[in-house]
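Reading through the C-alpha coordinates given below for one structure.
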Amino acid sequence: MKVVKNYLYNAFYQIFILLVPLATTPYLSRVLGPEGVGVNSYTNSIIQYFILAGSIGINIYGNRQIAFVRDNKEKMTKTFYEIFILRVITIILAYVAFLIFLFLENEYKAYYLAQSISIIAAAFDISWFFMGVENFGVTVLRNFIIKIISLVCIFTFVKSFNDLFIYIAILSLSLLLGNLTLFPNLKRYIGKVKFRQLNIFKHFKPSIMLFIPQIATQIYLVVNKTMLGSLDTVTAAGYFDQSDKVIKLVLAIVTATGTVMLPHVANAFMRGDIQKTKNALYQSFSFVTALSTPMMFGMIAVTQKFVPLFFGRKFMQVIPLMRMESIVILIIAWGSAVGVQYLLPTQQNRNYTLSVILGAVVNIIVNVPLIIFMGAFGASIATVLSEMTVSGYQIFSIRKQINYRKLFHDFWKYILSGALMFLIVFKIDGILGNSWTMLGIEIFAGIIVYLIMLLVLKADILKEAKELIKKR
(Lines give C-alpha, C1' and ligand atoms only; values in the text may rest on other atoms or scores of the structure.)
Protein backbone atom coordinates (compact mmCIF):
# COMPACT_ATOMS: atom_id res chain seq x y z
CA MET A 1 0.00 0.00 0.00
CA LYS A 2 3.02 2.28 0.42
CA VAL A 3 3.50 2.25 -3.36
CA VAL A 4 -0.18 3.15 -3.93
CA LYS A 5 0.01 5.93 -1.35
CA ASN A 6 3.20 7.30 -2.91
CA TYR A 7 1.65 7.10 -6.38
CA LEU A 8 -1.29 9.20 -5.22
CA TYR A 9 1.05 11.70 -3.57
CA ASN A 10 3.29 11.92 -6.62
CA ALA A 11 0.39 12.07 -9.07
CA PHE A 12 -1.05 14.93 -7.05
CA TYR A 13 2.36 16.64 -6.87
CA GLN A 14 3.05 16.31 -10.59
CA ILE A 15 -0.41 17.63 -11.40
CA PHE A 16 -0.12 20.40 -8.84
CA ILE A 17 3.20 21.81 -10.08
CA LEU A 18 1.65 21.98 -13.53
CA LEU A 19 -1.70 23.17 -12.22
CA VAL A 20 -0.52 26.61 -11.13
CA PRO A 21 0.54 27.77 -14.60
CA LEU A 22 -2.29 25.77 -16.16
CA ALA A 23 -4.93 27.22 -13.85
CA THR A 24 -3.87 30.68 -14.95
CA THR A 25 -3.76 29.77 -18.64
CA PRO A 26 -7.31 30.87 -19.57
CA TYR A 27 -6.63 34.23 -17.89
CA LEU A 28 -3.11 34.67 -19.29
CA SER A 29 -4.13 33.59 -22.79
CA ARG A 30 -6.47 36.55 -22.89
CA VAL A 31 -4.23 39.00 -21.02
CA LEU A 32 -0.85 38.24 -22.63
CA GLY A 33 -2.16 36.99 -25.97
CA PRO A 34 -0.42 34.52 -28.30
CA GLU A 35 2.71 36.70 -28.53
CA GLY A 36 3.19 37.00 -24.76
CA VAL A 37 2.64 33.28 -24.26
CA GLY A 38 5.06 32.61 -27.12
CA VAL A 39 7.83 34.83 -25.71
CA ASN A 40 7.56 33.08 -22.34
CA SER A 41 7.60 29.66 -24.01
CA TYR A 42 10.57 30.47 -26.24
CA THR A 43 12.77 32.06 -23.54
CA ASN A 44 11.92 29.29 -21.08
CA SER A 45 12.93 26.64 -23.63
CA ILE A 46 16.39 28.26 -23.83
CA ILE A 47 16.72 28.42 -20.03
CA GLN A 48 15.89 24.72 -19.79
CA TYR A 49 19.14 23.90 -21.58
CA PHE A 50 21.16 25.63 -18.84
CA ILE A 51 19.13 23.90 -16.12
CA LEU A 52 19.71 20.59 -17.86
CA ALA A 53 23.46 21.22 -18.14
CA GLY A 54 23.69 22.15 -14.46
CA SER A 55 21.61 19.22 -13.24
CA ILE A 56 23.73 16.58 -15.09
CA GLY A 57 21.20 13.78 -14.59
CA ILE A 58 21.17 14.07 -10.80
CA ASN A 59 17.38 13.88 -10.36
CA ILE A 60 17.23 10.28 -11.60
CA TYR A 61 20.70 9.31 -10.35
CA GLY A 62 20.17 10.78 -6.88
CA ASN A 63 16.76 9.12 -6.55
CA ARG A 64 18.26 5.73 -7.36
CA GLN A 65 21.40 6.10 -5.21
CA ILE A 66 19.42 7.15 -2.14
CA ALA A 67 17.13 4.14 -2.69
CA PHE A 68 20.22 1.89 -2.72
CA VAL A 69 21.54 3.12 0.68
CA ARG A 70 18.41 4.25 2.50
CA ASP A 71 18.69 1.40 5.03
CA ASN A 72 22.01 2.81 6.27
CA LYS A 73 21.72 6.32 7.74
CA GLU A 74 25.46 7.00 7.69
CA LYS A 75 25.82 6.04 4.03
CA MET A 76 22.66 7.93 3.12
CA THR A 77 23.92 11.09 4.84
CA LYS A 78 27.25 10.89 3.05
CA THR A 79 25.57 10.16 -0.31
CA PHE A 80 23.16 13.07 0.04
CA TYR A 81 25.87 15.66 0.78
CA GLU A 82 28.11 14.40 -2.01
CA ILE A 83 25.36 14.56 -4.63
CA PHE A 84 23.93 17.87 -3.37
CA ILE A 85 27.32 19.64 -3.35
CA LEU A 86 28.12 18.25 -6.80
CA ARG A 87 24.86 19.69 -8.11
CA VAL A 88 25.52 23.11 -6.58
CA ILE A 89 28.94 23.23 -8.28
CA THR A 90 27.56 22.26 -11.69
CA ILE A 91 24.65 24.72 -11.39
CA ILE A 92 27.11 27.55 -10.64
CA LEU A 93 29.03 26.66 -13.80
CA ALA A 94 25.77 26.57 -15.76
CA TYR A 95 24.81 30.02 -14.49
CA VAL A 96 28.19 31.44 -15.53
CA ALA A 97 27.54 30.01 -19.01
CA PHE A 98 24.10 31.65 -18.97
CA LEU A 99 25.63 35.06 -18.13
CA ILE A 100 27.94 34.71 -21.14
CA PHE A 101 24.91 33.86 -23.29
CA LEU A 102 23.01 36.87 -21.91
CA PHE A 103 25.91 39.18 -22.74
CA LEU A 104 25.85 37.99 -26.37
CA GLU A 105 22.03 37.98 -26.71
CA ASN A 106 20.33 41.12 -28.01
CA GLU A 107 16.64 40.14 -27.79
CA TYR A 108 14.44 39.36 -24.75
CA LYS A 109 17.25 40.11 -22.24
CA ALA A 110 14.92 41.14 -19.41
CA TYR A 111 12.80 38.02 -19.85
CA TYR A 112 15.86 35.77 -19.90
CA LEU A 113 17.04 37.37 -16.65
CA ALA A 114 13.70 36.67 -14.96
CA GLN A 115 13.75 33.08 -16.29
CA SER A 116 17.30 32.57 -14.97
CA ILE A 117 16.04 32.45 -11.37
CA SER A 118 14.91 28.94 -12.28
CA ILE A 119 18.56 27.97 -12.86
CA ILE A 120 19.38 29.03 -9.29
CA ALA A 121 16.30 27.17 -8.03
CA ALA A 122 17.62 23.96 -9.61
CA ALA A 123 20.63 24.02 -7.26
CA PHE A 124 18.29 23.66 -4.27
CA ASP A 125 16.02 21.02 -5.74
CA ILE A 126 16.38 18.04 -3.39
CA SER A 127 13.11 16.34 -4.31
CA TRP A 128 15.24 13.44 -5.61
CA PHE A 129 16.24 12.67 -2.00
CA PHE A 130 12.67 12.36 -0.74
CA MET A 131 11.73 10.27 -3.76
CA GLY A 132 14.64 7.97 -2.95
CA VAL A 133 13.38 7.40 0.60
CA GLU A 134 9.84 7.05 -0.82
CA ASN A 135 8.45 10.04 1.07
CA PHE A 136 6.41 11.80 -1.59
CA GLY A 137 4.06 13.56 0.81
CA VAL A 138 6.58 16.16 1.95
CA THR A 139 7.16 17.46 -1.60
CA VAL A 140 3.43 18.01 -1.96
CA LEU A 141 2.73 19.65 1.39
CA ARG A 142 5.74 21.97 1.46
CA ASN A 143 5.13 23.35 -2.02
CA PHE A 144 1.38 23.78 -1.72
CA ILE A 145 1.39 27.12 0.10
CA ILE A 146 4.13 28.57 -2.13
CA LYS A 147 2.20 27.67 -5.27
CA ILE A 148 -1.03 29.15 -3.92
CA ILE A 149 0.78 32.41 -3.13
CA SER A 150 2.19 32.52 -6.66
CA LEU A 151 -1.30 31.95 -8.06
CA VAL A 152 -2.62 34.92 -6.07
CA CYS A 153 0.32 37.07 -7.20
CA ILE A 154 -0.32 36.28 -10.87
CA PHE A 155 -3.95 37.35 -10.72
CA THR A 156 -3.00 40.43 -8.68
CA PHE A 157 -0.01 41.78 -10.59
CA VAL A 158 -0.31 40.48 -14.16
CA LYS A 159 -2.84 42.61 -16.03
CA SER A 160 -1.45 43.05 -19.57
CA PHE A 161 1.33 42.12 -22.00
CA ASN A 162 3.50 44.74 -20.25
CA ASP A 163 3.48 42.55 -17.12
CA LEU A 164 5.10 39.57 -18.85
CA PHE A 165 8.37 40.13 -16.94
CA ILE A 166 6.46 40.09 -13.62
CA TYR A 167 4.68 36.86 -14.61
CA ILE A 168 7.95 35.08 -15.44
CA ALA A 169 9.57 36.35 -12.22
CA ILE A 170 6.65 35.10 -10.12
CA LEU A 171 6.92 31.59 -11.59
CA SER A 172 10.70 31.47 -11.17
CA LEU A 173 10.68 32.78 -7.59
CA SER A 174 7.93 30.34 -6.58
CA LEU A 175 10.10 27.50 -7.87
CA LEU A 176 13.06 28.72 -5.81
CA LEU A 177 11.06 29.21 -2.61
CA GLY A 178 9.32 25.87 -3.07
CA ASN A 179 12.66 24.06 -3.28
CA LEU A 180 14.03 25.85 -0.21
CA THR A 181 11.07 24.74 1.92
CA LEU A 182 12.12 21.08 1.52
CA PHE A 183 15.34 21.46 3.56
CA PRO A 184 13.83 21.49 7.09
CA ASN A 185 12.59 17.92 6.52
CA LEU A 186 16.10 16.58 5.96
CA LYS A 187 16.90 16.37 9.68
CA ARG A 188 14.52 13.40 10.00
CA TYR A 189 16.70 11.33 7.69
CA ILE A 190 20.32 12.46 7.73
CA GLY A 191 22.87 13.20 10.43
CA LYS A 192 26.11 15.11 10.65
CA VAL A 193 28.83 14.55 8.13
CA LYS A 194 32.59 15.09 8.05
CA PHE A 195 33.16 17.07 4.87
CA ARG A 196 36.75 15.84 4.61
CA GLN A 197 35.43 12.32 4.10
CA LEU A 198 33.20 13.28 1.20
CA ASN A 199 34.10 12.04 -2.25
CA ILE A 200 31.99 14.43 -4.31
CA PHE A 201 33.28 13.74 -7.80
CA LYS A 202 32.87 9.96 -7.65
CA HIS A 203 29.22 10.65 -8.56
CA PHE A 204 30.13 12.74 -11.58
CA LYS A 205 30.72 9.95 -14.10
CA PRO A 206 27.64 7.81 -13.25
CA SER A 207 25.40 10.89 -13.20
CA ILE A 208 26.81 11.92 -16.57
CA MET A 209 25.78 8.50 -17.91
CA LEU A 210 22.21 9.39 -17.01
CA PHE A 211 22.77 12.95 -18.19
CA ILE A 212 23.34 11.81 -21.77
CA PRO A 213 19.79 10.42 -22.18
CA GLN A 214 18.41 13.52 -20.48
CA ILE A 215 20.13 15.70 -23.09
CA ALA A 216 18.51 13.63 -25.79
CA THR A 217 15.16 13.75 -24.00
CA GLN A 218 15.40 17.53 -23.71
CA ILE A 219 16.05 17.78 -27.42
CA TYR A 220 12.70 16.30 -28.37
CA LEU A 221 10.83 17.88 -25.43
CA VAL A 222 12.07 21.47 -25.66
CA VAL A 223 13.77 21.90 -29.02
CA ASN A 224 10.36 21.99 -30.76
CA LYS A 225 9.56 25.29 -29.04
CA THR A 226 13.05 26.65 -29.68
CA MET A 227 12.92 25.72 -33.38
CA LEU A 228 9.39 27.06 -33.78
CA GLY A 229 10.51 30.40 -32.35
CA SER A 230 13.52 30.44 -34.69
CA LEU A 231 12.13 28.90 -37.90
CA ASP A 232 8.55 30.14 -37.61
CA THR A 233 7.35 32.68 -35.01
CA VAL A 234 7.16 32.98 -31.22
CA THR A 235 3.38 32.94 -31.69
CA ALA A 236 3.60 29.47 -33.26
CA ALA A 237 5.75 28.43 -30.30
CA GLY A 238 2.98 29.77 -28.06
CA TYR A 239 0.32 27.65 -29.78
CA PHE A 240 2.47 24.54 -29.45
CA ASP A 241 3.25 25.35 -25.81
CA GLN A 242 -0.44 25.63 -24.91
CA SER A 243 -1.12 22.23 -26.44
CA ASP A 244 1.93 20.78 -24.71
CA LYS A 245 0.87 22.10 -21.29
CA VAL A 246 -2.46 20.29 -21.39
CA ILE A 247 -0.95 17.04 -22.65
CA LYS A 248 1.76 17.19 -19.96
CA LEU A 249 -0.90 17.67 -17.28
CA VAL A 250 -2.74 14.56 -18.43
CA LEU A 251 0.55 12.67 -18.65
CA ALA A 252 1.48 13.65 -15.09
CA ILE A 253 -1.33 11.45 -13.79
CA VAL A 254 0.04 8.46 -15.67
CA THR A 255 3.82 8.91 -15.45
CA ALA A 256 3.69 9.57 -11.69
CA THR A 257 4.02 5.78 -11.34
CA GLY A 258 7.52 5.98 -12.82
CA THR A 259 8.98 8.17 -10.08
CA VAL A 260 7.23 6.11 -7.41
CA MET A 261 8.25 2.69 -8.73
CA LEU A 262 11.89 3.57 -9.50
CA PRO A 263 13.17 3.53 -5.87
CA HIS A 264 10.80 0.65 -5.01
CA VAL A 265 12.08 -1.55 -7.86
CA ALA A 266 15.69 -0.41 -7.39
CA ASN A 267 15.58 -1.54 -3.76
CA ALA A 268 14.13 -4.93 -4.76
CA PHE A 269 16.74 -5.33 -7.50
CA MET A 270 19.59 -4.62 -5.06
CA ARG A 271 18.22 -7.37 -2.80
CA GLY A 272 18.36 -9.79 -5.75
CA ASP A 273 14.59 -10.19 -6.10
CA ILE A 274 14.49 -10.32 -9.91
CA GLN A 275 11.03 -11.85 -10.13
CA LYS A 276 9.58 -8.99 -8.10
CA THR A 277 11.05 -6.46 -10.51
CA LYS A 278 9.45 -8.24 -13.47
CA ASN A 279 6.08 -8.57 -11.76
CA ALA A 280 6.20 -4.86 -10.93
CA LEU A 281 6.74 -4.14 -14.64
CA TYR A 282 3.77 -6.28 -15.72
CA GLN A 283 1.49 -4.64 -13.15
CA SER A 284 2.57 -1.06 -13.83
CA PHE A 285 2.45 -1.55 -17.62
CA SER A 286 -1.12 -2.81 -17.38
CA PHE A 287 -2.05 0.04 -15.05
CA VAL A 288 -0.64 2.85 -17.22
CA THR A 289 -2.19 1.31 -20.35
CA ALA A 290 -5.61 1.09 -18.71
CA LEU A 291 -5.31 4.70 -17.52
CA SER A 292 -3.71 6.34 -20.56
CA THR A 293 -5.94 4.76 -23.23
CA PRO A 294 -9.17 6.57 -22.26
CA MET A 295 -7.20 9.77 -21.63
CA MET A 296 -5.80 9.65 -25.15
CA PHE A 297 -9.15 8.95 -26.82
CA GLY A 298 -10.93 11.40 -24.53
CA MET A 299 -8.58 14.29 -25.30
CA ILE A 300 -8.99 13.78 -29.05
CA ALA A 301 -12.79 13.68 -28.67
CA VAL A 302 -13.29 16.85 -26.58
CA THR A 303 -10.54 19.13 -27.96
CA GLN A 304 -12.92 20.99 -30.30
CA LYS A 305 -14.94 22.18 -27.31
CA PHE A 306 -12.13 22.37 -24.74
CA VAL A 307 -9.74 24.72 -26.58
CA PRO A 308 -12.08 27.74 -27.09
CA LEU A 309 -13.46 27.34 -23.55
CA PHE A 310 -10.06 27.09 -21.93
CA PHE A 311 -7.72 29.21 -24.06
CA GLY A 312 -10.16 31.51 -25.83
CA ARG A 313 -10.99 32.02 -29.50
CA LYS A 314 -7.53 33.45 -30.27
CA PHE A 315 -6.06 29.97 -29.77
CA MET A 316 -8.27 27.93 -32.12
CA GLN A 317 -5.11 26.85 -33.96
CA VAL A 318 -4.26 24.75 -30.91
CA ILE A 319 -7.09 22.26 -31.73
CA PRO A 320 -5.27 20.20 -34.40
CA LEU A 321 -2.04 20.33 -32.37
CA MET A 322 -3.70 18.84 -29.29
CA ARG A 323 -5.43 16.14 -31.31
CA MET A 324 -2.15 15.03 -32.82
CA GLU A 325 -0.14 15.31 -29.61
CA SER A 326 -2.75 13.36 -27.63
CA ILE A 327 -1.37 10.18 -29.22
CA VAL A 328 1.77 10.47 -27.07
CA ILE A 329 -0.24 9.97 -23.87
CA LEU A 330 -0.32 6.21 -24.44
CA ILE A 331 3.14 6.06 -26.01
CA ILE A 332 4.88 7.95 -23.19
CA ALA A 333 2.97 5.90 -20.61
CA TRP A 334 4.60 2.77 -22.05
CA GLY A 335 8.00 4.45 -22.07
CA SER A 336 7.56 5.45 -18.44
CA ALA A 337 6.69 1.89 -17.42
CA VAL A 338 9.54 0.22 -19.29
CA GLY A 339 12.23 2.92 -19.17
CA VAL A 340 11.83 4.63 -15.81
CA GLN A 341 10.26 1.75 -13.88
CA TYR A 342 12.38 -1.11 -15.22
CA LEU A 343 15.48 -0.20 -17.24
CA LEU A 344 16.81 2.49 -14.88
CA PRO A 345 16.26 0.74 -11.52
CA THR A 346 17.78 -2.47 -12.94
CA GLN A 347 20.79 -0.43 -14.11
CA GLN A 348 20.24 -1.05 -17.82
CA ASN A 349 21.39 2.48 -18.57
CA ARG A 350 22.76 1.64 -22.01
CA ASN A 351 19.39 0.59 -23.45
CA TYR A 352 17.67 3.56 -21.84
CA THR A 353 20.29 5.97 -23.16
CA LEU A 354 20.20 4.52 -26.67
CA SER A 355 16.40 4.77 -26.80
CA VAL A 356 16.30 8.50 -26.06
CA ILE A 357 19.26 9.22 -28.34
CA LEU A 358 17.37 7.52 -31.17
CA GLY A 359 14.31 9.62 -30.29
CA ALA A 360 16.38 12.79 -30.41
CA VAL A 361 17.92 11.86 -33.75
CA VAL A 362 14.48 11.19 -35.25
CA ASN A 363 13.25 14.51 -33.82
CA ILE A 364 16.11 16.50 -35.34
CA ILE A 365 15.76 14.80 -38.73
CA VAL A 366 12.00 15.34 -39.08
CA ASN A 367 11.59 18.61 -37.15
CA VAL A 368 13.16 21.01 -39.61
CA PRO A 369 11.19 20.02 -42.73
CA LEU A 370 7.95 19.50 -40.79
CA ILE A 371 8.17 22.89 -39.06
CA ILE A 372 9.14 24.68 -42.27
CA PHE A 373 6.23 23.20 -44.24
CA MET A 374 3.61 22.65 -41.51
CA GLY A 375 4.57 24.99 -38.67
CA ALA A 376 3.38 24.07 -35.18
CA PHE A 377 1.43 21.05 -36.48
CA GLY A 378 4.67 19.70 -37.90
CA ALA A 379 6.27 20.02 -34.46
CA SER A 380 3.39 17.96 -33.02
CA ILE A 381 3.96 15.23 -35.59
CA ALA A 382 7.69 15.25 -34.79
CA THR A 383 6.87 14.83 -31.09
CA VAL A 384 4.74 11.76 -31.79
CA LEU A 385 7.38 10.16 -34.04
CA SER A 386 10.10 10.80 -31.44
CA GLU A 387 8.13 9.26 -28.59
CA MET A 388 7.22 6.25 -30.74
CA THR A 389 10.93 5.69 -31.38
CA VAL A 390 11.85 5.94 -27.70
CA SER A 391 9.14 3.67 -26.30
CA GLY A 392 9.38 1.27 -29.25
CA TYR A 393 13.09 0.67 -28.74
CA GLN A 394 12.72 0.32 -24.96
CA ILE A 395 10.07 -2.37 -25.37
CA PHE A 396 12.23 -4.09 -28.01
CA SER A 397 15.32 -3.98 -25.77
CA ILE A 398 13.72 -6.14 -23.05
CA ARG A 399 12.44 -8.82 -25.45
CA LYS A 400 14.68 -11.51 -23.92
CA GLN A 401 13.85 -10.58 -20.34
CA ILE A 402 10.07 -10.49 -20.26
CA ASN A 403 7.02 -12.19 -21.73
CA TYR A 404 5.29 -9.94 -24.27
CA ARG A 405 2.03 -11.84 -23.86
CA LYS A 406 2.01 -10.94 -20.16
CA LEU A 407 3.13 -7.39 -20.88
CA PHE A 408 0.30 -6.69 -23.33
CA HIS A 409 -2.27 -8.78 -21.49
CA ASP A 410 -5.74 -7.23 -21.89
CA PHE A 411 -4.38 -4.51 -24.18
CA TRP A 412 -7.06 -5.20 -26.80
CA LYS A 413 -9.74 -4.72 -24.12
CA TYR A 414 -8.45 -1.25 -23.25
CA ILE A 415 -8.23 -0.21 -26.91
CA LEU A 416 -11.69 -1.53 -27.76
CA SER A 417 -13.19 0.16 -24.70
CA GLY A 418 -11.38 3.41 -25.46
CA ALA A 419 -12.39 3.39 -29.13
CA LEU A 420 -16.08 2.90 -28.30
CA MET A 421 -15.84 5.64 -25.68
CA PHE A 422 -14.32 7.95 -28.29
CA LEU A 423 -17.11 7.35 -30.81
CA ILE A 424 -19.81 8.07 -28.24
CA VAL A 425 -18.13 11.15 -26.74
CA PHE A 426 -17.26 12.56 -30.18
CA LYS A 427 -20.89 12.17 -31.25
CA ILE A 428 -22.13 13.85 -28.06
CA ASP A 429 -19.57 16.65 -28.53
CA GLY A 430 -21.14 17.57 -31.85
CA ILE A 431 -24.64 17.69 -30.37
CA LEU A 432 -24.13 19.51 -27.06
CA GLY A 433 -23.46 23.24 -26.87
CA ASN A 434 -20.20 24.96 -25.89
CA SER A 435 -20.09 25.30 -22.11
CA TRP A 436 -18.14 23.87 -19.20
CA THR A 437 -21.27 22.02 -18.06
CA MET A 438 -21.63 20.29 -21.43
CA LEU A 439 -17.91 19.44 -21.44
CA GLY A 440 -18.28 17.95 -17.95
CA ILE A 441 -21.20 15.82 -19.15
CA GLU A 442 -19.08 14.51 -22.04
CA ILE A 443 -16.18 13.59 -19.75
CA PHE A 444 -18.49 11.87 -17.26
CA ALA A 445 -20.20 9.95 -20.07
CA GLY A 446 -16.81 8.85 -21.40
CA ILE A 447 -15.71 7.54 -17.99
CA ILE A 448 -18.95 5.57 -17.54
CA VAL A 449 -18.76 4.04 -21.04
CA TYR A 450 -15.12 3.03 -20.55
CA LEU A 451 -15.73 1.43 -17.14
CA ILE A 452 -18.81 -0.44 -18.37
CA MET A 453 -16.83 -1.81 -21.30
CA LEU A 454 -14.04 -2.99 -18.96
CA LEU A 455 -16.68 -4.75 -16.85
CA VAL A 456 -18.28 -6.38 -19.89
CA LEU A 457 -14.90 -7.53 -21.21
CA LYS A 458 -13.83 -8.63 -17.69
CA ALA A 459 -10.52 -6.76 -17.69
CA ASP A 460 -8.14 -8.00 -14.98
CA ILE A 461 -7.26 -4.44 -13.94
CA LEU A 462 -10.63 -4.19 -12.18
CA LYS A 463 -9.88 -7.28 -10.09
CA GLU A 464 -6.46 -5.90 -9.16
CA ALA A 465 -7.99 -2.56 -8.16
CA LYS A 466 -10.57 -4.35 -6.03
CA GLU A 467 -7.85 -6.34 -4.24
CA LEU A 468 -5.87 -3.16 -3.51
CA ILE A 469 -8.97 -1.54 -1.99
CA LYS A 470 -9.54 -4.61 0.22
CA LYS A 471 -5.93 -4.47 1.45
CA ARG A 472 -6.47 -0.92 2.63
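No other residue among 418, 430 is surrounded by fewer than 14 Cβ atoms within 10 Å (Cβ to Cβ) and either more than 26 Å from the chain's Cα centre (by Cα) or on the phi < 0 side of the Ramachandran plot (or both) apart from 430. Quickly run through region 403-415 and pick out the residues that are touching a residue at least 60 places away in the same chain (Cβ under 8 Å), surrounded by 17 or more Cβ atoms within 10 Å (Cβ to Cβ) and assigned to a helix (DSSP H, G or I). Answer for region 403-415, where residues must be touching a residue at least 60 places away in the same chain (Cβ under 8 Å), surrounded by 17 or more Cβ atoms within 10 Å (Cβ to Cβ) and assigned to a helix (DSSP H, G or I): 407, 414. Restricting the first member to region 163-174 and to residues that are more than 11 Å from residue 153 (Cα to Cα), and the second to residues that are hydroxyl-bearing (Ser, Thr, Tyr) and at pLDDT 90 or above, the beta-carbon pairs closer than 7 Å and six or more apart or on different chains are 164/111; 165/111; 168/111; 172/118.
The residue that is farthest from the chain's Cα centre (by Cα), counting only those in region 362-377 that are farther than 23 Å from residue 337 by Cβ, surrounded by fewer than 23 Cβ atoms within 10 Å (Cβ to Cβ) and in contact (Cβ under 8 Å) with a residue 24 or more places away in the chain, is 372.
Within region 25-43, residues that are closer than 13 Å to residue 228 by Cα sit with their Cβ atoms under 6 Å from residues that are at pLDDT below 85 and of a type in the set (D, E, K, R), at 6+ positions apart or across chains, in these pairs: 41/225; 41/241.
With respect to residue 457, is the statement that it is over 29 Å from residue 238 (Cα atoms), surrounded by fewer than 17 Cβ atoms within 10 Å (Cβ to Cβ) and either touching a Gly at 6+ places or on another chain (Cβ under 8 Å) or aliphatic (A, V, I, L, M) (or both) true?
yes
On the stretch given as region 1-51, residues that are in a helix (DSSP H, G or I), among the aliphatic types (A, V, I, L, M) and at pLDDT 80 or above total 7. Scanning region 52-78 for residues being free of Cβ contacts under 8 Å to residues at least 40 places away in the same chain and either under 21 Å from residue 340 (Cβ atoms) or part of a helix (DSSP H, G or I) (or both) gives a total of 2.
Comparison of 353, 346 shows that the only residue that is assigned to a loop (DSSP other than H, G, I, E, B) and touching a residue at least 12 places away in the same chain (Cβ under 8 Å) is 346.
For region 378-400, how many residues meet the condition of being within 21 Å of residue 350 (Cβ to Cβ) and surrounded by fewer than 24 Cβ atoms within 10 Å (Cβ to Cβ)?
Total satisfying the criteria: 11.
Please determine whether any residue of region 75-82 is under 19 Å from the mean Cα position of the chain (by Cα), surrounded by 19 or more Cβ atoms within 10 Å (Cβ to Cβ), at pLDDT 85 or above and not aliphatic (A, V, I, L, M). So far as region 75-82 goes, no, none of its residues is under 19 Å from the mean Cα position of the chain (by Cα), surrounded by 19 or more Cβ atoms within 10 Å (Cβ to Cβ), at pLDDT 85 or above and not aliphatic (A, V, I, L, M). Scanning region 289-332 for residues that are outside any helix (DSSP H, G or I) and within 21 Å of residue 395 (Cα to Cα) yields a count of 2. Remark: residue 315 matches the filter, which requires a residue to be more than 19 Å from residue 411 (Cα to Cα) and of a type in the set (Phe, Trp, Tyr). Within region 378-402, the set of residues being assigned to a loop (DSSP other than H, G, I, E, B) and touching a residue at least 40 places away in the same chain (Cβ under 8 Å) comprises 398, 401, 402.
Every test in (1) surrounded by fewer than 21 Cβ atoms within 10 Å (Cβ to Cβ); (2) β-branched (Val, Ile, Thr); (3) closer than 22 Å to residue 254 by Cα is passed by residue 357 save one, and that test is (3).
The values are calculated or read from the model by the stated rules, or taken from the named source; none is laboratory data. Fair warning: this is a prediction, and the values are worked out from it, not measured in the lab. Every residue, glycine among them, receives a Cβ derived from its backbone with ideal geometry; neighbour counts consider all protein chains shown.
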